[in-house]
Amino acid sequence: MKIAVEGCAHGELDNIYASLQEAERRDNIKVDLLICCGDFQSSRNVADLACMAVPPKYRKICTFYKYFSGEKVAPVLTIFIGGNHEASNYLQELPYGGWVAPKIYYMGYVGVINIAGVRIGGLSGIYKSRDFMKGRCEKPPYDENSKRSVYHIRNLDVFRLKQISEPIDVFLSHDWPTGVYHHGNVAQLLRRKPFFREEIDANQLGSKPCEELLHHLKPKFWFSAHLHCKFAALVPHEDSPPTKFLALDKCLPKRQFLQLLDIPHNEDEKLQISYDLEWLTILHLTNHLLNVQNSITFMPGAGGNERFKFTPTDAERELIMSKMNNCLKVPENFRATAASHKPGDSAGKLKELEPKLNPQTVELCETLGIDDPIALISQKHGLNISLDTSYYETSTFIADSDESSITCCNEDSDIVEQESKINALELIDVKRLTPMKLPQPKLTGGDVEEVDSAEPSEVDKVNYQLPQAQEEVLPLPSQSTPEETADKASPKRVLEETEEIVEAQIDISEGLNDSVTSTTKKFKRRNESIYASSPDS
């Protein structure tokens, strides 16, 4: 199965799909699946933008709404996890995953799915210690605090993943796992991102829960984004093959944001999304641990009187399989729950933001006998919400055979003005690079097995990026430390959640000539004044 992995999407679906289709044309290949590693920005309308954690002047509708409305259809099956810049009100409707548009599937707060025998797990959001132990209590309309805490991962998410016993092929996170940089070329990383130095030295860059999951799940591949740079590593495990880690950049010119690879799959199965039986069973068994209070909650552990291991038994799996009527295929049951963006729309013309039920979640919860968090939150606040069917008539799951009937209307003037700053030809003019070389894993005792660079990796050798002023090929990294080769100048680390997000929404020409050099540059953060008084957190 040919898979394309993309870093931070930031709503640029048109550009991502155009780049992907150009790669297919040039190399005479067919991509079966696109994976996006967060900051997807599934904004259906301007009201959704108010739920996104970015400064108001940088809220742009981008292009997802075209796929939501049916004006366009995704050319390839697409799955994604959430990041820290999302239309959180929409994603809250789908806590266990679901279709956000035809052929575009969100994996939920945390989830595991199966595509033709390839088992894919994902964890949405980023880690913040202050919210990790709390329940999921946020609901729209959000204040500035809940707008951010809503995308912070919770201990229940991690606890559920730790119940998994069957192997995971691919795992997705927005955050990097803490410590993964020690298994790659950290010196090169610091040349590109010198403000990471302090956190790397303290081993605090990234997510501690993701680090735990990396060594617990030991997936074949782990893909991340968030830090807006490409980085490869090979993470060793004592009793299993190493994990191939790859982080990718955001979708901008001259950025390495797209990677193609081949992963073996079951050729007897269709390339469609199926629920994972073990995961569904874990959701059912741990439903009583769901907390929607703004209070600290602890997961069960050894020494208590209650069950603390929820790895499913055969009998428990059989029960869930019977509830699913022996069919694990994810139904193509997308339905719109809000109006799609139209030229001239303003937030004032749309309904006030409020919690909403999604029919996909309602159906899954009724089938499995589990709770919908947004329904519990609404009940706690005395809100009587029900399914809103007023938008169903114009939204159905569009089959491939219907793609020829889809037409594109002219974009509204404000979108044209923003997108005119990006040369469309430049965006799709992808270049073939030499094979990506993963670093060799570090072993105890200082003995490192030599990697045979002549033998092909399981990772497909084709690496795509938007054009660069200077092509860059990642060499086989040495086992270096930050102290050995890091630049002497060490600019202060900016907060990770706002790092470079505004750059994606302003004049792209400001960064067109960026390239990696061996000389030390003085680091000055673009748009520093915007965050001087109220940093994102």
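A short reminder: the numbers here are calculations on the coordinates, not readings from a lab. Just so you know, these numbers come straight off a predicted model, no measurement behind them.
Bin width 10 Å, alpha-carbon pairs only: give the P(r) of the range 228-305 as whole percents, running from 0 to the bin holding the largest distance.
Result returned by the calculation: 12, 19, 27, 32, 9, 0.
Any idea how far the Cα center of the range 128-178 sits from the one of the range 262-300, in Å?
Answer, in whole Å: 13.
Given the convex hull over the Cα atoms of the range 30-160, what projected area results after averaging over all orientations, in nm²?
So the Cα hull casts an average projection of 8.4 nm².
Kirkwood hydrodynamic radius, the range 2-425, all distinct C-alpha pairs: what's the number in Å?
22.1
On a full-extension model of 0.36 nm per residue, what is the gain between Gln204 and Leu328, subtracting their alpha-carbon distance, rounded to one decimal in nm?
Roughly 40.7 nm would be gained on extension.
Taking a 29 Å limit on the Cα-Cα distance, which of the listed pairs Lys57/Lys128; Lys30/Lys329; Lys60/Lys254; Lys30/Lys162; Lys2/Lys139 fall beyond it?
Beyond 29 Å: Lys30/Lys162; Lys2/Lys139.
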